[in-house]
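These notes are about the structure you will find just below.
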Amino acid sequence: MAIVLRAESHRMASAVRNQSSVDFDIEGYREFVFRCALSVCGEPEGAEDVAQEVLMILLKSRRQIEATDQPLAWIRKVTVRSATHYLKRQKRTVSLQDSQVANNSSVEGLAVLQTLQRLSPEHRVLLGMAMGQGLSYREIADALGIPEGTVASRLNAAKKAFQQEWER
Amino acid sequence: MKEHPALDQLSQFYQSLDDIPTPAISLPTERGLPLWALFTGPIFASILAYSVLVISTAGHAMPTEPQGPILLNQYALQELRKGDTSSVPASHIFVITSRGRVI
């Protein structure tokens, strides 16, 4: 998944660079935003909500995106922030019966999702970015605005927390 | 180095997310509504609705000659006999008593 997502990122980045400012099109970012949100949220309903929110932000920030050298990094930062907010304000437990993940995945998949839901939003974000999107420490550090060393230590803590919750 | 089984499961879970297709995320409008429309829209709609209401009920509210018989009770009949009846043409007044007699 990491390789696929990175290849997609590079493809989109070159496509975005080739676009003139007049050709800015929100459609080109839908897939990227949804995939980023999905890796953090872990379930499609939440990812769709986050993606919609982020796309609205992108529409309003069109000039800002056009002005930046790394639009995908900027968009990833916005998406991760929105996804983190979503996880924080998500008071209710996601209905697993209604979830598309529940319909399409194995019992282990449901168990993983339930375990993720017991973790803190910060840990879920780190796991999603590192293991879901396959981002480097540097990329994660840029997106979260924290030092690389902090990313490493927090990621280890997140993995340990997941293991502990998994074995409970 | 072999990862913890839980992390293997987690890795597989993230891989399984690839199978989920990207939904058609609908946006209200590409350009967005101007902010002033949010405030003026409801006000304009209210004025329009009120205008329609006034126009549609205006015909009914206007004082016109009665279109049919007017049914009065005994008290109203007494009042009518004592008072001014100019507002209602006598030809339009039919009084039905409790015994069914038409006056």
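Brief remarks on what is shown
- Some residue of segment A:7-30 being buried (at least 16 other Cβ atoms within 10 Å of the Cβ), of a type in the set (Gly, Ala, Ser) and modelled with pLDDT of 85 or more: no
- Top-ranked residue in segment A:132-168 [being at the interface with chain B (Cβ under 10 Å from one of its Cβ atoms) and surrounded by fewer than 19 Cβ atoms within 10 Å (Cβ to Cβ); ranked as modelled with the lowest pLDDT]: A:Glu167
- Segment A:76-131, subset crowded, with 18+ Cβ neighbours inside 10 Å and at pLDDT below 80, residue nearest to the other protein chains (Cβ to nearest Cβ): A:Ser105
- Residue in segment B:55-67 that is under 30 Å from A:Lys60 (Cβ atoms), more than 14 Å from every other protein chain (Cβ to nearest Cβ) and at pLDDT 60 or above present: no
- Selected residue (criterion: surrounded by the most Cβ atoms within 10 Å (Cβ to Cβ)) from residues of segment B:17-35 that are facing another protein chain (nearest Cβ under 8 Å) and either modelled with pLDDT of 85 or more or part of a helix (DSSP H, G or I) (or both): B:Leu17
The values are calculated or read from the model by the stated rules, or taken from the named source; none is laboratory data. Being a predicted model, the structure only gives us computed values, none of them experimental. With ideal geometry, Cβ positions are generated from the backbone for all residues, glycine too; neighbour counts draw on all protein chains shown.
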